[in-house]
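Everything below concerns the one structure shown next.
The values are calculated or read from the model by the stated rules, or taken from the named source; none is laboratory data. Note that this is a predicted model, so its numbers are computed, not measured. Here the Cβ is made from the backbone with ideal geometry for all residues, glycine too, and neighbour counts use every protein chain on show. For accessibility, only protein heavy atoms count, side chains too; no ligands or nucleic acids. Shrake-Rupley method; radii C 1.70, N 1.55, O 1.52, S 1.80 Å.
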Amino acid sequence: MKRISLIIGIVCLKTTLVFSQDFYDRSIVQTIEIFFNSSTWDAQLDALATSTEDYLLADSVRINGVVFDSVGVKYKGNSSYNTNNNKNPLHISLDWVHDNYDYQGYTDVKLQNGYQDPSMIREVLSYAISEQYMDCPKANFANVYINGSLRGLYSSAESINDKFNGDHFYSSNGSFFKCNPIGGAGPGASVSPDLKYINSDSSSYANGYELKSTYGWNDLVAMIDTLNNNFAAIESILDVDRALWMLAFNNVLVNLDSYSGAFRQNYYLFKDLNERFLPIGWDYNMSFGGFPGGTGSGAYTATTLDPMSNNASTIHPLIVKMLSNAQYKRMYMAHIRTIVQEMFASSLYVTTANTLRTTIDASVQADPYKFFTYTQFQNGLTTAVTTGGPGGSIPGIQALMDARATFFSTNANYILVSPVISAYASSVASPTYGQTITITATCSNETTVYLGYRMDTPLKFTRVQMFDDGAHNDGAAGDQVYGAFVTMNCVILEYYIYAENTNAGLFSPQRAEHEYHTLMVTLPAPTVGQIVVNELMADNTSSAYDENGESNDWIEIYNTTSTGLNLSGLYLSDDYLNLTKWQFPANTGILANEYLIIWADNDTLQSGLHANFKLGINGESVIISDGVTVLDAIDFPIQTTDVAYARCPDAGIFTYGYPTFAVSNNCFLSISEDLLPLNVSVYPVPTSGNVFISSKEDGALTVQIVDLQGRLIYETVTQEQLTEIPSINWNSGYYVIRIVTQNNKVTTIPFIRE
């Protein structure tokens, strides 16, 4: 059981395309101004693009009026880049010189020039659709000026990097690959990130994939080996549902500059906390039939691209393996139906497309270097544009997708009759923690029904069969009501139903696993003294790291009771005159005698619990309240870097000491211990077997394993560079590894035992 309480938000099933209100707000054209000290900046950028692919130093970059000096800028792209272009794609690295530079938390700005897109909206519209079904970058538009002159309108897509992974997947430390050939794809390219198994030597894959993390080649090879040679184990190492959504999206939108096309590229792979690779699609500027390279399996027609495209390909093992598995094929087609019915048969996408067109209309007219005329832009939604380049013409988006919807309405695999899930329910509307409940589903035209569930958002879904046998609180046997038991060892249960027959499948909700139903346990609101500020760190450089790998200020709250408590609607503040400064999100709970971490980093755009204030190292206050009544408060004095201010024992008197992040405060550790970071790493995290500690420290290490009750359950002294800790017989849950060197340098590293 997971022992650290986490924020779990109810996912609302969206019926419209939702617009964010930040740097990637799609309703606003951003303004980006770049200033170079040389008039030959274009030639210098071209020279770098064709040689080292390095950045050119810009004197400054101004984003919506915010100025950043000394910024890295370079041209990017493959077919969209050309030395003769007046408007090339751009990559701006705000932190290339200054590590602390960011705009609303974003350090990289990636700008696409509208190449091969008369409509100018292909990329942004594609991401607006994609985000309904899978994690993907945000995207919108920006007018770009260089040395005071307008270069034109660009689409701007969020960079897939450590921040993206942390925001979406609760970690930024896993093996991470950009799946594009080194040097670019194209006819005659000798390698591609096609996921074909070559051999066990990781160097054989180096030109097809770009490593973005410090390690990971062996992980990638293991996944590719499993996909090709041990497919029965694929769910242990690849998030199959995300892969199916990506392939379904590529097919419906005829997005062939992707894994589903001739070059099998333009996606990322990130290994998450569950030790599974997650596929992430990107670079959608040639979706809606704009890519001239085809599928890689012979001639095709965009309007009638079959959902089984490449199912017998010799160069697309992911597609071949997924579609050769009968259940995965049914799930894939269920995702196809959902995208087609929600977005295209309904014409919902046209509303979004026209909104985007209205937003950028004036900017397109003013663009001095656009690749197509303003008239072609006006007609780009409905009318094909003939080009002199490869492919000959670029289809009008609406003309293509209306024809696609008509094609699917008669496609043999699409029209197979799915089951119907007419109802789902919990046997207990407001369960208590630890209570065993039944989830039921009422179905028709089904042969088998499954429940997918998880106890916390970062965890993977467990899929179990539901039964209509009268023995699972499902009513009478054979009444088409199915049941499965679940024990509520969590604050909130996230779940979905999947039903299938021999031909087709159906999810409830239909966007599962990206969206899901929720059921929260009944927890009382705390009273005075039941929750306390238990520990804080006002100048953290190495004691703990958030999902994005950042060492920010943190506050630990402790539940002093033997009952779980509901923190929803309570407030945390550093100002007695503004008690409602930051509100705990809905469905935030803290279990009995447990700990909850809030990052005090003024970065509310990150996932998880991030307050809108920081802590002052010179001392200030931390207050928990309901907005009127103070439940607990602490006025802390001057703080020291990486030294905690903590109650000893838990809920006791404050003192300085060694930080014990999200675990029982240890009153026997002296602050005289050196708190410098160690050159050690722990893997795999999480683990279902043993855990390994890799060290580059000199001399012996003392290794202690502590559970979340503060109990020392294992201790050893080692001088090995690689130490194996036998955790296979431990209970599932969170643990903390404490490592001490001979000269009293200390670090603590949390990990999950599955």
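Failed condition for residue 67, given (1) of a type outside the set (S, T, N, Q); (2) in contact with a Ser or Thr (Cβ under 6 Å, 6 or more places away or on another chain); (3) buried (at least 21 other Cβ atoms within 10 Å of the Cβ); (4) in a strand (DSSP E or B), with all others met?
Single failed check for residue 67: (3).
Looking at (1) open to solvent by 40 Å² or more (accessible area, probe 1.4 Å); (2) under 25 Å from residue 302 (Cβ atoms); (3) touching a residue at least 24 places away in the same chain (Cβ under 8 Å); (4) touching a strand residue (DSSP E or B) at 6+ places or on another chain (Cβ under 7 Å), find the lone condition where residue 386 falls short.
(3)
Which ones in region 379-388 are more than 36 Å from the chain's Cα centre (by Cα) and either in a loop (DSSP other than H, G, I, E, B) or modelled with pLDDT under 85 (or both)?
Residues satisfying the conditions are 387, 388.
State whether the residues of region 76-86 include one that is at pLDDT 95 or above and in a strand (DSSP E or B).
No; the residues of region 76-86 include none that is at pLDDT 95 or above and in a strand (DSSP E or B).
Could you grab me the full set of residues in region 496-539 that are over 30 Å from residue 611 (Cβ atoms) and under 28 Å from the mean Cα position of the chain (by Cα)?
Within region 496-539, 496, 497, 498, 499, 505, 506, 507, 508, 509, 510, 511, 512 qualify.
Could you grab me the full set of residues in region 641-696 that are surrounded by fewer than 16 Cβ atoms within 10 Å (Cβ to Cβ), modelled with pLDDT of 85 or more and outside any strand (DSSP E or B)?
Passing the criteria: 641, 649, 652.
Look through 255, 274, 228 and report the one residue that is assigned to a helix (DSSP H, G or I), among the polar types (S, T, N, Q) and either out of contact with any helix residue (DSSP H, G or I) (no Cβ under 8 Å at 6 or more places or on another chain) or at negative phi (or both). Walk me through it before giving the result.
Details: 255 fails: assigned to a helix (DSSP H, G or I); 274 fails: assigned to a helix (DSSP H, G or I).
On inspection, the qualifying residue turns out to be 228.
Which of the residues belonging to region 335-351 are open to solvent by 10 Å² or more (accessible area, probe 1.4 Å) and of a type outside the set (Asp, Glu)?
337, 341, 345, 346, 347, 348, 350, 351 - these are the residues of region 335-351 that are open to solvent by 10 Å² or more (accessible area, probe 1.4 Å) and of a type outside the set (Asp, Glu).
Report, by residue number, each residue of region 130-150 that is open to solvent by less than 30 Å² (accessible area, probe 1.4 Å) and under 21 Å from residue 111 (Cβ atoms).
Residues satisfying the conditions are 130, 136, 137, 139, 140, 141, 142, 143, 144, 146.
Within the set of pairs 6 or more residues apart or between chains, which connect a residue that is more than 20 Å from residue 614 (Cα to Cα) and assigned to a strand (DSSP E or B) inside region 558-579 to a residue that is open to solvent by 40 Å² or more (accessible area, probe 1.4 Å) and not basic (Lys, Arg) with Cβ atoms less than 8 Å apart?
559/530; 559/593; 565/524; 565/525; 565/530; 566/524; 566/525
Show the residue pairs that are 6+ apart or on different chains and have beta-carbon atoms under 8 Å apart, the first residue being within region 458-472 and touching a residue at least 12 places away in the same chain (Cβ under 8 Å), the second being surrounded by fewer than 12 Cβ atoms within 10 Å (Cβ to Cβ) and of a type in the set (Gly, Ala, Ser).
468/478
Quick check on this structure: which one of 447, 438 is farther than 14 Å from residue 496 by Cβ, under 32 Å from the mean Cα position of the chain (by Cα) and without any contact (Cβ under 8 Å) to a residue 60 or more places away in the chain?
438
For region 102-123, state whether one or more residues are within 30 Å of residue 603 (Cβ to Cβ), modelled with pLDDT of 95 or more and over 26 Å from the mean Cα position of the chain (by Cα).
For region 102-123, residues within 30 Å of residue 603 (Cβ to Cβ), modelled with pLDDT of 95 or more and over 26 Å from the mean Cα position of the chain (by Cα): absent.
Can you tell me which residue within region 320-363, out of those that are part of a helix (DSSP H, G or I) and among the small types (Gly, Ala, Ser), is nearest to residue 123 (Cα to Cα)? Outline the logic, then answer.
Looking only at region 320-363, we keep the residues that are part of a helix (DSSP H, G or I), and these are 320-324, 326-345, 348-363.
Pick out the ones that are also among the small types (Gly, Ala, Ser) and you get 324, 326, 334, 345, 353, 362-363.
Details: 324: 31, 326: 33, 334: 24, 345: 21, 353: 11, 362: 19, 363: 16 Å.
Only one residue fits best here, namely 353.
Could you please tell me which pairs satisfy a Cβ distance under 6 Å, a separation of 6+ or placement on different chains, a first residue in region 347-366 that is under 14 Å from residue 114 (Cα atoms) and hydroxyl-bearing (Ser, Thr, Tyr), and a second residue that is open to solvent by 40 Å² or more (accessible area, probe 1.4 Å) and in a helix (DSSP H, G or I)?
none
Taking the conditions exactly as written (buried (at least 16 other Cβ atoms within 10 Å of the Cβ) and either assigned to a loop (DSSP other than H, G, I, E, B) or at pLDDT below 95 (or both)), does residue 186 satisfy them or not?
Details: buried (at least 16 other Cβ atoms within 10 Å of the Cβ): no; either assigned to a loop (DSSP other than H, G, I, E, B) or at pLDDT below 95 (or both): yes.
No; evaluated as a whole, the condition is false for this residue.
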